[in-house]
Amino acid sequence: MLGLAGYPLALIIGVVAIGAAAAGAVWGRWSQARGLARALAGLDEAAQGIARGEGARAATPARPEIARFAASFNAMADAVEERERVTAQLAMSDPETGLPDRRALEAELAALAASGEPGVVAAAVSIDGFAALRGAIGHARAVALLGDVAQRLAAKAPAAMVGRLSPDTLGMVFAAGGAKAAEATTAALAAELEGPAAAGETSVDVALTFGVATAAETAGEPSALVRAAIAMDAARAARRKVAGFDAAAHGDPAANLALLGEMGRAIEAGQLQVHHQPKYDIRQGRTVGIEALVRWEHPTRGLLSPGVFVRLAEASGHIRALTDHVLATTIADQAALRRAGHELDVSINITARLLEDAGFVDRVIEQAGGAQGRVWLEVTEAALAGDPERALRHVERLADAGIGVSIDDFGAGPLSLARLRDVRAEEVKISQPLILDVADDRRNTRLVRGAIELAHSLGMKAAAKGVETNEVYALLAGMGCDFAQGFLIERPMPLADLLAFLAEDRATRRFG
């Protein structure tokens, strides 16, 4: 049989069949390639999504070999996501306690505020006398105590995030319906949690103090956690269990925050001035030393109290630069006094953070080595009790270098008698509140007399701060106090006024 154009029909059918088979093979290969390309494109898109942090996953194609690859890819993506989650959690966790850290608390505060939750508040929580407890039970048990108190707070307030705000302070973030409701809630927590708490294998009785602040409502306002910490300090000072942030008492938060950015420029511009208050030797009847006190003459806000900017400097980390400036200026003023014929000891105040800073201690030793007289550091009892082992090591180094150490505000801090015995200090400065009432309060009289006798029994001198009347001066002299400092002797003054003071009879006049 003949077909088209006379060709045998069988031949035509065979050619068509071969062509159809070939076309089918080509179509199949094209279809497979297209499917493979789509699968690879999907994997590429998923990989890019993971790179962007979107947590993308690849679709599972029909072909088994590609499906296995996609499944492996997705398993890898799951592992990467889990590692990132754990890393992020660790990055926002306190390494000692495992609690959320300040960054985690700030993030929770921002998230709650952004969600529109009404009455978002932050609370700062301190364990009363924690510095003394840490000195008594050791650092590891003190950390365990913080962790136990945090767990108990979280159990009592399950809707709150509880974390570690600072080495000795816990933080809470929660929605409470406003400041008054938060104060009531925290007062109830303080009452419920007062009592025994676990500190490792031992148990310690604790009492808590809370500071409360609402979430920031205006741009530039300090974080609620910062304001809560300020409120907590105010509560402790007033011996209250709970206090809300008092903007009127603290001043303008935004303006205070602006001071932090201005502080470095203020040092360079000479706005931070060092004044000196004379220290009077009661037995010799003359001025033998001066204490450096910093003042800030702000171009728009006038003379600022150290109580405002020193606290801000400590909280922000500017305290090292500020104290370096005071130390250098004081040593330079001491040299100027010596050139004028006045050989006086000089002293500066340092914080707990600086006493624990080995680099700062090195700097003091270096500076004091070139001074034109004796240099003293005044440290509070709290500074010595914070990290006592490190503090004692640094005091030893200072004493070995010939630098005098004075325990400031003695009688107002947590330093134990056993710890006092171990400190290589040469002097205690009795707390001003005790001195102010020493003539009118019998208990204060006994306390001051006991402090003077204790200092002498340990081979130290005793100095009194806040001496304002001849009656107080005479009483202290009768108790055997060695030095007096206060408005009765003279107020703090700049170098030029100090030179005039020393040139007159006021520097050697008799009191009492």
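The values are calculated or read from the model by the stated rules, or taken from the named source; none is laboratory data. Values in this document were obtained by computation on a predicted structure and should not be read as measured data. Reconstructed Cβ throughout: ideal geometry from the backbone, glycine too, with neighbour counts over all protein chains shown. Just so you know, the surface numbers come from the protein's heavy atoms only, side chains and all, with ligands and any DNA or RNA stripped out. Shrake-Rupley method; radii C 1.70, N 1.55, O 1.52, S 1.80 Å.
Miscellaneous remarks
- Net charge over other residues, Cβ less than 14 angstrom from the Cβ of Ala238 (K, R count +1; D, E count -1): 0
- Average accessible surface area per residue within the stretch 101-191, 1.4 Å rolling probe, Å²: 40
- Vicinal HN-Hα couplings computed from phi for the stretch 152-166 (Karplus, 6.51 cos²θ - 1.76 cosθ + 1.60; Hz; Gly/Pro x): 5, 4, 5, 5, 7, 10, x, 7, 9, 8, 10, x, 9, 7, 7
- Solvent-accessible area, 1.4 Å probe, carbon plus sulfur percent, for the stretch 261-334: 54
- Candidate lysines - alpha carbon under 18 Å from Lys279, same-chain residues fewer than 8 apart omitted: Lys429, Lys461, Lys465
- Whichever lysines have a C-alpha closer than 26 Å to that of Lys241, once near sequence neighbours (fewer than 8 apart) are set aside: Lys156, Lys180
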